Every structure is written in C-alpha cells, then in structure tokens.
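Data block below; observations after.
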Amino acid sequence: MGRHQTGHIFESASGAFHVRYYTTEIVDGKARRVQRSHLLAHKDNKHYSTTCKAVKLLRDEFMRKVNTTTQPSTQDMRIVDFWDSRYLPYCEETVQLTGQPRKKPSTVRGYKQIWHQHLRAHFGEMTLQQYEPDMGTQFLESLTSTQGKTTLKHIRALGSSIFTRAVKDRRLKVNPWHDVVMPDDAIEPETTPHYTLEEAEDIISALVDHVDAQLVVALSFFVGLRPSEIAGLRWEDFDIKAESESEVHIRRAVVNGIVGTPKTPESVATLPLIDQVIVPLQLWRQKSGNLQQGWVFENQNGKPADLKDMVRRIIRPTLTKEGLEWKTLYAGRRGACTATVEATGGNYAVAQALLRHKSMKVTLDVYKKAITPAAFRTGMKALQAAANGNGNHKQLETTEHGDGNI
C-alpha cells in the first residue's frame, strides 16, 4: 500500500471545492506517480469554504478510498494495453516447431470480434490488478437481455483466457475470471438449422447449371466437410478408385484466404466418398480441364476461391428462383450427421467418424438433429420386430388393482 495522504482542498474559479491528491497510474506500460483532483461539492450554504466541516468530511471520505485502494505495481498495466501488446500477439505468434500460428486465424477472428463488441469497453481504463472477480459476473448479467447463452460463454472464455495469460506472465497471482459465474437466466440458443436428405437433393438438382456449386453442397452434406475444409481442397487430395473405395484426404483449411490446418487434430483424416459426391466431382474435373493438381475451387489469382462469394453470386439467387431455402453450408454438415444416424439405424459412431469429433458428446449435443417422422416410425417397427422375435412375448393382463401396481 502507498503512503497515507490527507489531500489538499482548494476552490476552483467556478466556485467548486476539489481535493488534490497523488496516485499511481500505468503510463506507456510503466507505473508513474501523477497528481489528480476530485470534485467534492459546488459552493452553497452548507459547503461554503475550504475549511468548513462539510467540505472536510467529503474530503476525508474520498481520501479514505484513495488510501485503501491497492496501487498498481510496475508489473501492472491497463487490460486494453495487455491485449494489444501481449495477448493478441501471443495468439497470432507463429510456432517454430509447426510453422503455424498459435491460434487458428478463425479463432483469432472470433476473439477480435468479441473484444471489440463487448470486452474492450467493459475493461475501459482498468488495469489487470484493479479488476475484481465480481465485475465479470455483473458484466455478464448486464448482457442477458441482448445476448444469448452461447455468446455469453464465448465472452466468459475469452475474458478468462486473457487473465490466464496475465497470470502466466506473472502480472497477476490469481485469475479474477476464474470464478465468474454464468447468469442463471441466460437465453438458450435457438436450434441451429440443418438440411434433410430431400432438401439437399433438391438443392443439388436446382444447381444443375453450376456443377462447381453442386460439388460444394455435396461435400458439405454427403461428406460433412466444414466450409473452410471445402475451400482448402486440392485435386491431389482425391483418390478415386473402383468398387466404392474412393477417398478424400482432409489435410488443410482456408479461412479468409489464409491456408492453415483443419480446426482440430482429429479433423485431419481420410473420408470415404459416395456416388453423390463422385459424380459432380468428375464433372467439375472435366470442366476444369482434367486437372490433377491445384485448388479444386480456384479464383482468378490462382488462390483458393471465396465460397461466400459463390453463395452470394450463384447459390442463393438460383435457390431463390426455384423457391428453395438456403440455410448455410454448416447446415449441410449438420444434416450429414442426422442423415448418417438415420441411415445406419442409430449408429452414432459412424456420424462421429464422419464429422471427426474427438468427443461423441459434441456430435450428439451440437450436430445431431431430430430424426424425421418416417425414420421414427421405422425405428419403432424395428423395436416391434425385435420384441416379436424373442418368442417370449405374452398377453399383457391387468390386475384387480388396475394401474396402481405399474
């Protein structure tokens, strides 16, 4: 704690009483002792001089707060400065062992969006050591009327990550966001959209004049690829064989034109291809000049094409003309999961392998959507057939006690 101060009272030219005091602030990353003043009261019948009791009481109350406030150390700095000079550069740093950035470009883009939309204004001029745990909880609670639970989780995760890095840099001993509590009344996210098999087939049929767009949709729905993985495909990634043994090797992802690795280590995999993908693939290869190397979807500069541009220029207008709904490429990935579960009689392991999730919980919680009524009826018939096949089914009877014993 710094030295005890009594504060000097003075009257301004405008007829107000102020107290002058010293405090330690972080300037250009360094702790410096600076002089500041604080308005106590405007001159009136009660507050009439620098020596009157009412003004002195206001001075004493304010200076009590100044003297009990922990002053920042030379290791302290504003949170916004820590973001600019330490946290963001750390995330974007290239790791020599892998040659890849520490955080994927898509992750950093998400961090920047959350920072600029929510956290920067919240942190304001506060330093790392001045931030208290209850501030984070109160901040999240203030957002419950405008932000859903998923967004709040992302904000909490980034806030905690920033302070975790500060702890590792020995600027803090404890992460103040470690105990930040998610609001109980946070709004649950709406169900994310997905395509049914029929919808996917209708979309592919509607894109008959744009075989490259057909292939993009087919890779999303029938192989479950992420948009970034589709954009990162090269012709040499495909291994077309006879007798339904064709494969595609997922090796990279492209986000905002930047070539990198897929989202997770598990995402690097070899996936089988079915006819619904092989047909538009072969047609697009022929239209592209039977290329064996290079980007499958390439722009005029020889770089990976922007799939968002394809959606905007070709897919959306075509589907609108045909009266079909566009739900995003990720809706195809979600539809692939549900369709696979239905087609395999509830084999979630196949869906997990297709989407390449490390945990099946992600497959079930995020990507598995409600099965169709027809699939539900088929499942119940299978249950009936299994029960009848036991040979042990008997006529159910009720007792004199009715349903009370059930």
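On the basis of being over 19 Å from the mean Cα position of the chain (by Cα), at pLDDT 90 or above and more than 30 Å from MET77 (Cβ to Cβ), does LEU207 make the cut? Taking the combined requirement at face value, the residue satisfies it.
Does LEU119 satisfy the criteria of being at pLDDT 90 or above, under 23 Å from TYR90 (Cβ atoms), more than 23 Å from the chain's Cα centre (by Cα) and in the same structural domain as CYS91 (by TED's automatic domain parsing)? In short, no. Only one of the numbered conditions (1) closer than 20 Å to CYS337 by Cα; (2) modelled with pLDDT under 95; (3) outside any strand (DSSP E or B) is violated by GLU245, and that is (1). Filtered by the rule that a residue be basic (Lys, Arg) and surrounded by 10 or more Cβ atoms within 10 Å (Cβ to Cβ), the range 171-182 gives a lone residue, ARG171.
Take the residues of the range 322-332 that are assigned to a helix (DSSP H, G or I) and either in contact with a helix residue (DSSP H, G or I) (Cβ under 6 Å, 6 or more places away or on another chain) or not assigned by TED's automatic domain parsing to the domain that holds ASP202 (or both): which is surrounded by the fewest Cβ atoms within 10 Å (Cβ to Cβ)? Filtering first and then ranking leaves GLU322. The single residue among ASP209, ASP185 that is within 17 Å of PHE297 (Cα to Cα) and surrounded by fewer than 14 Cβ atoms within 10 Å (Cβ to Cβ) turns out to be ASP209.
In the condition set (1) crowded, with 19+ Cβ neighbours inside 10 Å; (2) under 16 Å from LEU207 (Cβ atoms), ALA339 is compliant with all but (2). The single condition among (1) outside any helix (DSSP H, G or I); (2) touching a strand residue (DSSP E or B) at 6+ places or on another chain (Cβ under 9 Å) that LEU354 does not meet is (1). The conditions of being touching a helix residue (DSSP H, G or I) at 6+ places or on another chain (Cβ under 9 Å) and either more than 23 Å from THR340 (Cα to Cα) or in the same structural domain as LEU355 (by TED's automatic domain parsing) (or both) are met by VAL254.
Listed by first and then second residue, the pairs linking a residue in the range 121-145 that is outside any helix (DSSP H, G or I) to a residue that is surrounded by fewer than 16 Cβ atoms within 10 Å (Cβ to Cβ) and among the charged types (D, E, K, R), with Cβ atoms under 7 Å apart and 6 or more places separating them unless they lie on different chains, are THR144/ASP185.
The values are calculated or read from the model by the stated rules, or taken from the named source; none is laboratory data. These numbers were taken from a predicted model, which means no experiment stands behind them. Positions of Cβ are backbone-derived with ideal geometry, glycine not excepted, and every protein chain shown enters the neighbour counts.
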